[in-house]
1. Spot the failing condition for LYS67; the list is (1) without any contact (Cβ under 8 Å) to a residue 12 or more places away in the chain; (2) surrounded by 16 or more Cβ atoms within 10 Å (Cβ to Cβ), and only one is missed.
2. Which ones in segment 129-151 are basic (Lys, Arg) and either in contact with a Cys (Cβ under 8 Å, 6 or more places away or on another chain) or under 15 Å from PHE62 (Cβ atoms) (or both)?
3. Among residues belonging to segment 8-42 that are part of a loop (DSSP other than H, G, I, E, B) and of a type in the set (D, E, K, R), point out the one that is surrounded by the fewest Cβ atoms within 10 Å (Cβ to Cβ).
4. For segment 74-96, name all the residues that are surrounded by 21 or more Cβ atoms within 10 Å (Cβ to Cβ) and either polar (S, T, N, Q) or farther than 11 Å from ILE36 by Cα (or both).
5. Looking at PRO41, is it under 16 Å from ALA139 (Cβ atoms) and either within 15 Å of the chain's Cα centre (by Cα) or touching a residue at least 40 places away in the same chain (Cβ under 8 Å) (or both)?
6. For segment 130-153, indicate whether the set of residues that are under 18 Å from GLU70 (Cβ atoms), in contact with a helix residue (DSSP H, G or I) (Cβ under 8 Å, 6 or more places away or on another chain) and at pLDDT 95 or above is non-empty.
7. Name the single residue that is farthest from LEU155 (Cα to Cα) among those in segment 43-83 being assigned to a loop (DSSP other than H, G, I, E, B), of a type in the set (A, V, I, L, M) and touching a strand residue (DSSP E or B) at 6+ places or on another chain (Cβ under 9 Å).
8. Can you go through PHE85, PHE106 and tell me which one is closer than 25 Å to ARG22 by Cβ and either among the aliphatic types (A, V, I, L, M) or touching an Asp or Glu at 6+ places or on another chain (Cβ under 9 Å) (or both)?
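The values are calculated or read from the model by the stated rules, or taken from the named source; none is laboratory data. None of these values were measured; they are calculated from a predicted model. Counting neighbours? That spans all protein chains shown, and the Cβs are built from the backbone with ideal geometry, glycine included.
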Amino acid sequence: MKQIASFTIDHMKLLPGIYVSRKDKLGNETITTFDIRMTRPNFDPVMNTGEVHTIEHLGATFLRNHKEYEEKIIYFGPMGCRTGFYLLLGGDYTSKEILPLIVEMFEFIRDFEGDIPGATPENCGNYSDMNLSLAKEYAKSFLDEILYHIKDENLNYPN
């Protein structure tokens, strides 16, 4: 069986950042898949499910309500390895082009107060597995350590 593209990236060299994982054509449209890597694979501890689930709910809510991008959001969700998230956007984008959107999203998560959207038994299949305080800590750390002073090595996959 042919190995999928994301498994060909050397995860021992991969740093936290925003990467174009792939670009697919759907008819005349391009769908860009972004790898939003919040922790360093195989070096940093992985995120627990509560904070991942909270970031997913807050991030998806933010993105699907964003004035410029709401109609372009196809999917936002966690990686199984719990080191980050995938964002699928309708359109042909680079990591640098969506950096302002990702910064806005993580500032929204860092500053969020109140009830987590969709965190009720009627709205979510595992509504009690949430951790807002740790989600906010991860968002703040990602902003401060990576996003606010991002470098090319955090925008382009390692060779």
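1. Looking at each condition in turn, LYS67 falls short on (2).
2. Result: LYS136, single match.
3. Among those residues, the one meeting the criterion is ASP10.
4. THR83, LEU89, SER95
5. Values: under 16 Å from ALA139 (Cβ atoms): no; either within 15 Å of the chain's Cα centre (by Cα) or touching a residue at least 40 places away in the same chain (Cβ under 8 Å) (or both): yes.
Judged against the criteria, PRO41 is not a match.
6. no
7. MET47
8. On the way: PHE106 fails: either among the aliphatic types (A, V, I, L, M) or touching an Asp or Glu at 6+ places or on another chain (Cβ under 9 Å) (or both).
Going through PHE85, PHE106 in turn, the sole match is PHE85.
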